[in-house]
Every structure is written in C-alpha cells, then in structure tokens.
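The values are calculated or read from the model by the stated rules, or taken from the named source; none is laboratory data. Since the structure is predicted, the reported quantities are computational estimates derived from the model, not experimental observations. Cβ sites come from the backbone with ideal geometry, for glycine too, and all protein chains shown count toward neighbours.
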Amino acid sequence: SPEEQTPGPGWLSEEVKTGTTIIAVEFNGGVVLGSDSRVSAGETVVNRVMNKLSPLHDKIYCALSGSAADAQTIAEMVNYQLDVHSTEIGEDPQVRSAATLVKNISYKYKEELSAHLIVAGWDRRDGGQVFATLNGLLTRQPFAVGGSGSFYVYGFVDAEYHKGMSKEESQQFVINTLSLAMSRDGSSGGVAYIVTIDEHGAEEKVILGNDLPSFFDQ
Amino acid sequence: MALSNVLQTPAAGFNFDNTARNEALKGLFEGAQAPKPLKTGTTIAGVVFKDGVVLGADTRATSSEVVADKMCAKIHYIAPNIYCCGAGTAADTEKTTELLSSNLTIFSLNSGRNPRIIMAVNILQDMLYRYHGQIGANLILGGVDCTGNHLYSVGPYGSVNQVPYLAMGSGDLAALGILEDGFKPDLELERAKELVRGAIHAGIMSDLGSGNNIDICVITRQGVDYIRPYQESEYKENRKMKYKYRPGTTPVLTEKVVPLKLEVVQESVQRMDTA
C-alpha cells in the first residue's frame with residue numbers, strides 16, 4: 001500500500017538519511033577514507049557539515065551511509081564491542097575483526113536495518129585493509145564506494161584506480177571521486193572529510209567546498 | 001553491566017515488537033484513517049556562544065487550524081545545566097523530556113554531580129532509536145558542563161547532530177536563514193540573544209504553525225536565565241470591555257420545578273474517633 005502523505009514539512013514524516021558518497025582506498029602502508037557531509041530528511045538538508053567517518057578504534061574507521069540513525073547506532077555498538085575485544089586480547093584489534101562485528105549486525109538485522117558501513121583501517125598483521133559490508137556480506141577489496149552518490153562514479157573509479165598508488169595519489173583519487181559524485185548526486189554535498197590511516201595513526205582533514213577540484217561543469 | 005541511571009535497558013538487540021503491534025492496530029479502524037497525534041507546528045532554535053548556549057522557541061500550540069495554547073512552554077527543564085526545546089508530537093516531546101529529566105535527577109543524586117549533555121543525548125538516542133520513529137520527538141538539547149558548551153539535535157528515529165547552531169520545527173527553514181546569515185563563533189551574549197530572537201521571529205512571520213510570543217533560555221556556567229516571554233507578540237489585543245452580565249439581563253419566561261422522589265434505603269452511622 002502506498003505511504004500516506006502527511007501534510008507538512010518532510011522532516012516530520014521522513015526518516016533522516018545520509019544520502020551520501022563514501023569511499024575507502026587501500027595503499028601500500030595504509031588506507032584513505034573519504035565522505036561528503038550532507039544529511040537529508042526528504043528534501044530538507046538537516047545537517048550540512050556532518051562527518052560520516054566514524055572512529056571504531058585508534059586505527060580503524062568506518063564510513064556511514066543509508067539511514068542516519070541506523071548507521072550511527074551500528075557504529076556506536078561496534079565501537080563498544082571492539083573496545084571490549086581489544087581489552088580482552090590485550091592489543092590493537094585487527095581491521096578484519098571490526099569488519100566482522102559490523103557484518104554480524106548488518107546480517108542478523110538485515111530486514112530491519114537500512115545502513116551500509118565501509119570499514120577500513122591499518123593493523124600490524126595485514127597493513128591497510130578495506131572491507132565492504134553491504135547487506136551483511138564481508139569482502140576485502142582494494143577500494144570500495146558506497147551511498148547514493150557512488151552510482152555516478154563507478155565508471156570513474158574503475159577507470160582511474162590502479163595498484164601501487166602512493167599515499168598522496170590515493171588521497172587525490174578519493175578527493176576527485178568525492179568531488180565528481182557531489183556535483184552529480186543531489187543527496188551528496190557540503191564539504192569533504194578525508195581520513196588517512198597508517199602505522200603512525202589517523203589523520204583527519206576537511207576540504208571546504210570551494211577547495212574541491214572542479215571538472216567540466218557547464 | 002551496572003548502569004548509573006535508572007532507565008531499564010531492555011534485552012540486547014533490536015526490538016521491533018511495537019511496530020508490528022502498530023501495524024496490527026491499523027486494521028482495527030476498518031479502512032478509516034487512524035487518529036492523528038497532535039503536532040505543535042513550531043519554531044525552535046539554539047546557538048552556542050562564547051560563554052554558553054542560548055535556546056529559543058515560539059509559544060504557539062495548534063490543533064489543526066485552531067490555536068490551542070497561546071503561551072505553551074516548549075523549552076523543557078532537563079537538569080540545572082541542561083534545557084531542551086521540543087518540536088513534533090506535543091505529548092511525545094513532553095513525556096520524553098520528563099523521563100529524561102527524572103532519570104538524570106536520580107543520576108545526580110547518586111553521583112553528586114550535574115549530568116553532562118552527552119549523557120542526556122545518549123539516553124535520548126537509545127530510547128528514540130529503540131522505538132524506531134514511533135515517538136515523534138524532534139529535540140534540541142543545549143547546556144553547559146565541565147567539558148564545555150554543547151548543542152545537539154536528536155531526531156525521532158534516533159539520529160544525532162552536533163552543530164554550533166540549529167533550528168527545528170515547521171519554521172526551521174525561515175529561522176535557519178537568519179542563523180546562517182548572522183552566526184559567528186564566540187558571539188557575545190547580547191548578540192547571541194538577538195540572533196536567536198531574530199531566528200524565532202522569522203519562523204513566526206513565515207510559518208502559520210508558529211506564532212505568539214518568543215521564549216529565550218540562556219545557559220552559562222554561572223546559571224540559567226529563563227526569560228518567558230522574551231518578546232511579546234505585537235498582535236496581542238487587550239479585551240475592550242467586560243464580558244460579565246448582571247443577573248436579570250436575560251429575562252426568565254417560565255419556571256418548572258420537578259421534585260425528585262428519593263427514598264432512604266439504608267442508613268449506617270460510623271463513629272469517627274477524633275481524639
């Protein structure tokens with residue numbers, strides 16, 4: 001049956017979604033994660049500066065997309081579980097462990113939840129890793145894109161990605177992808193947040209709108 | 001895990017029993033529309049300034065097209081250092097904030113300290129997420145604690161935003177225009193109050209669901225200044241004459257007295273000891 005349209009502004013009846021572009025790329029020695037900053041409820045932008053890159057541990061981050069409430073809650077739950085886990089094993093957790101925890105929640109509650117998290121980080125054992133957890137699968141990939149804006153840039157990432165990129169090249173790759181997606185997807189926009197994680201730690205950066213690279217735009 | 005507050009966290013995992021129940025209840029109405037909850041079309045706003053947080057709200061509560069309450073209080077007390085503006089379903093915002101406030105009071109009594117805003121936000125987020133949007137509360141939480149001045153918004157599905165300035169309610173877009181234009185980090189108190197007043201005023205002017213007076217609440221380390229009303233509506237009219245009528249204004253045409261025949265069926269006397 002069709003959704004009944006309640007009169008009034010969208011935020012009263014629409015769920016808050018992070019219509020989004022998120023991306024994570026692995027390079028030799030670490031990973032780079034990137035996201036836009038737009039949170040929408042229907043046609044209204046509820047938050048134009050939201051950082052969708054959420055820390056799960058010192059050197060493991062996840063990128064949020066889909067329903068804002070679901071994604072934030074999953075990230076908080078996994079943050080707590082990872083904390084307990086790393087205390088139990090007495091050292092920093094593996095990226096695979098974090099991704100597995102996210103996958104467990106996403107798979108078990110896949111009918112009720114509507115969020116996709118990309119998990120990426122660095123650990124001593126396997127270096128930089130990127131995991132996609134869409135719909136409850138767990139797969140390690142050299143790079144992963146997600147969110148409503150990702151559909152516009154699949155061609156770009158497939159064409160531009162190559163193995164053996166340096167840290168700076170990976171950062172530029174992420175920034176370019178975000179910029180292209182944000183300019184085509186109505187649900188993505190605002191500023192770009194990127195996080196670079198390597199053995200020394202995680203470095204967060206914001207790139208304001210007018211500092212993003214511009215492409216053909218007539 | 002021992003909890004420092006009284007809120008009973010239910011069994012682990014997600015519990016969507018109530019959504020199933022609501023769907024089942026819809027069937028009871030036999031095709032007619034389920035009754036709609038009362039929503040207060042509203043403008044609420046908050047701004048973080050140099051010494052604390054300023055919250056503002058209009059005072060109109062509507063029931064469809066009729067103004068049900070011209071002086072409704074939308075800025076709710078949570079703790080001595082935390083106040084909360086509520087938009088959405090009136091009963092939900094009222095009860096949710098009361099529940100939060102009583103929980104934090106017990107926490108304060110147990111721990112001997114004022115609660116932190118992040119604790120209030122976490123409790124709210126937990127509760128609203130658990131009810132999966134069925135509680136229609138859009139809340140702006142503001143306060144000052146040992147970690148600084150904070151302003152958070154919590155949506156009905158349990159999403160949280162932390163930003164230096166916020167507006168919510170049906171008048172939010174109008175208010176946000178004023179805030180986007182006038183906000184700067186580290187404003188002085190008078191500038192911040194004027195900015196919030198201007199934002200609520202824009203909401204009142206541009207939105208039919210908002211109106212009447214403007215309430216302002218200033219929270220700083222030193223204390224709270226709840227100014228109600230901060231600004232009265234310029235459209236308030238004074239009653240022109242007295243509406244009391246003297247007895248005899250309406251003439252009595254006929255009078256009929258019907259005595260009620262009552263029988264005493266049982267009588268019992270109980271002595272009260274008043275010594």
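Some notes on this structure:
- Any hit, segment B:175-184, residues being exposed (fewer than 12 other Cβ atoms within 10 Å of the Cβ) and part of a helix (DSSP H, G or I): yes
- Any hit, segment B:165-173, residues being away from chain A (no Cβ under 14 Å) and either of a type outside the set (A, V, I, L, M, F, W, C) or part of a helix (DSSP H, G or I) (or both): no
- The listed residue being away from chain B (no Cβ under 14 Å), touching a strand residue (DSSP E or B) at 6+ places or on another chain (Cβ under 8 Å) and surrounded by 14 or more Cβ atoms within 10 Å (Cβ to Cβ), out of A:SER86, A:SER106: A:SER86
- The set of residues in segment B:104-129 being within 14 Å of another protein chain (Cβ to nearest Cβ) and among the charged types (D, E, K, R) consists of B:ASP126 alone.
- Meets criteria (more than 22 Å from A:PHE143 (Cα to Cα) and of a type in the set (A, V, I, L, M)) for A:VAL49: yes
- Subset of segment B:55-91 [without any contact (Cβ under 8 Å) to a residue 60 or more places away in the chain, of a type in the set (D, E, K, R) and outside any loop (DSSP other than H, G, I, E, B)]: B:ASP69
- Test result for B:THR40, over 30 Å from A:SER106 (Cβ atoms) and at pLDDT 90 or above: no
- Among (1) over 19 Å from A:ARG140 (Cα atoms); (2) within 12 Å of chain B (Cβ to nearest Cβ) - the single one A:LEU64 does not satisfy: (1)
- B:HIS150 fulfils the conditions (1) surrounded by fewer than 20 Cβ atoms within 10 Å (Cβ to Cβ); (2) under 27 Å from B:ALA202 (Cβ atoms); (3) away from every other protein chain (no Cβ under 11 Å); (4) not aromatic (Phe, Trp, Tyr) except for a single criterion, (1).
- Residue match in segment A:90-107 (condition: hydrophobic (A, V, I, L, M, F, W, C) and more than 23 Å from A:ASP198 (Cα to Cα)): yes
- Residues being under 18 Å from A:GLY30 (Cβ atoms) and of a type in the set (Phe, Trp, Tyr) - total across segment A:51-81: 1
- You will find that of B:GLY142, B:GLY136, the residue that is away from chain A (no Cβ under 11 Å) and either more than 15 Å from B:THR93 (Cβ to Cβ) or not charged (D, E, K, R) (or both) is B:GLY142 and no other.
- Residues that are of a type in the set (Val, Ile, Thr) number at least 3 in the following strands (runs of 3 or more DSSP E) confined to segment A:24-91: A:44-47.
- Single residue of B:ASN238, B:ASN213 found to be under 20 Å from the mean Cα position of the chain (by Cα) and either modelled with pLDDT under 90 or among the polar types (S, T, N, Q) (or both): B:ASN213
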